[in-house]
Structure formats: structure tokens, C-alpha cells
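Report on the following structure.
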């Protein structure tokens, strides 16, 4: 089987079309109403249409009927091909089994933290902590409400997100505590000295 380019949005499109044939606008509506924008970047409509065009070129989806409504533009209804169904299941199995580095921004910022002083970093982390606590509360409240009416399997992504947010909140609380106590501190001069010692060498990695 060819190595098709996998992406969260491509999997979402295939999953929706396996559920039922539909046009792109309907896909966008369902992704939003089901809260998928929390885990998939669908803010730009162009990204959805580009993904649909690529999946069609690759033979994973195919156009079917055309919906016509008075006062509205024609809308092409797509459906998943047999190959698309196979690829979607293969992608899902891979994404579940194999950890993938998604390169989020926050670890990048932490890797260049010494560009700022500890005094500058602490209020920034406190601002992030406030946002994380708010998000944690919102996710927990949503889950509590939905668990009474929906099966857990459709809420697993929200439970995972809550676990991730809670873990980050807990970790940042520890970093802030260490900054306050002075257990975590640095200076550019000290770091330059350390860097010079390892110039031309690979510095030791933690663990």
C-alpha cells in the first residue's frame, strides 16, 4: 500500500465520510459541534478543502452527488472509498500505538528559557498557570455533565486532554515554587561558562 500522508484533519475527514457521505460544509459543522476543534486545527476553512482535495487525488475519497438548494451554491457530497476506509483504520492503529513528536510551542519556549531572567519567567508562568487552572476546571465540569448522558468511549479525548492539562498545571506549580525558593536559578554568565566547557562536544543529556 502506498505511504499516504497522515494528518489529524485527514483522519477526521475519512472518519466522517465512513460514518456517512457528506459535503465539506457539513463536515465542518460536525467537527465543531462535536468539539473536535479542541484537538484538530479547523479554524481555517481552506485547510479542510485542501485536505479534501488531497484525499480525492489520492483516491481515498470520491465525489458523489451534488446538493442543490435555492439561494445556496452547489455542494459536492463526498464518500470514503474502500481504500480510504482501509487507510483510515491503518492510520488510527498507528496513531494509537506509536508516540509521535508533535513539536508543541511550550517545550520550545522552555528550551530557550535562559534568554529571560528568573524574575521575568515567574510572572509569565503564573499567567499560564491561571489559564491552565481555568481550562482544567472547564474540562472537568464538561466531563461531569457529559458522563451522565454519553458513553465514555466518546469522551476519552476529553479525559485525555484533562489529564494533560492537569499534569502540566501540576508541573508548572512545582517550577514556580522552585523559582520562588531559589532552588531554580540561572544566569547568562554561568550558562555561557558551561556551554564553553562542552564546545565541540555533545553535552550530557538528562537520564
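The values are calculated or read from the model by the stated rules, or taken from the named source; none is laboratory data. Since the model is a prediction, treat every value here as computed from it, not as a measurement. Methodologically, a virtual Cβ is constructed for each residue, glycine included, from the backbone with ideal geometry; neighbour enumeration extends over all protein chains shown.
Just a few scattered comments:
- Selection of region 178-188 for residues being touching a residue at least 24 places away in the same chain (Cβ under 8 Å) and assigned to a helix (DSSP H, G or I) yields 179, 180, 188.
- Wholly within region 6-83, helices (runs of 4 or more DSSP H) carrying at least 3 residues that are farther than 30 Å from residue 146 by Cβ: 45-57
- Entry remark, region 64-84: residues being modelled with pLDDT of 95 or more and exposed (fewer than 15 other Cβ atoms within 10 Å of the Cβ) number 1 in total.
- Residue 60 being in contact with a helix residue (DSSP H, G or I) (Cβ under 9 Å, 6 or more places away or on another chain) and under 26 Å from residue 3 (Cα atoms): yes
- Residue check: residue 63 meets all listed conditions (1) touching a strand residue (DSSP E or B) at 6+ places or on another chain (Cβ under 8 Å); (2) touching a residue at least 40 places away in the same chain (Cβ under 8 Å) but one, namely (2).
- Summed over region 16-35, the residues that are closer than 23 Å to residue 94 by Cα and either in the same structural domain as residue 142 (by TED's automatic domain parsing) or surrounded by 18 or more Cβ atoms within 10 Å (Cβ to Cβ) (or both) give a count of 3.
- Residue check, residue 72 touching a residue at least 60 places away in the same chain (Cβ under 8 Å) and more than 19 Å from the chain's Cα centre (by Cα): no
- Candidates 154, 149, 175, filtered to the one that is outside any helix (DSSP H, G or I) and within 30 Å of residue 37 (Cβ to Cβ): 149
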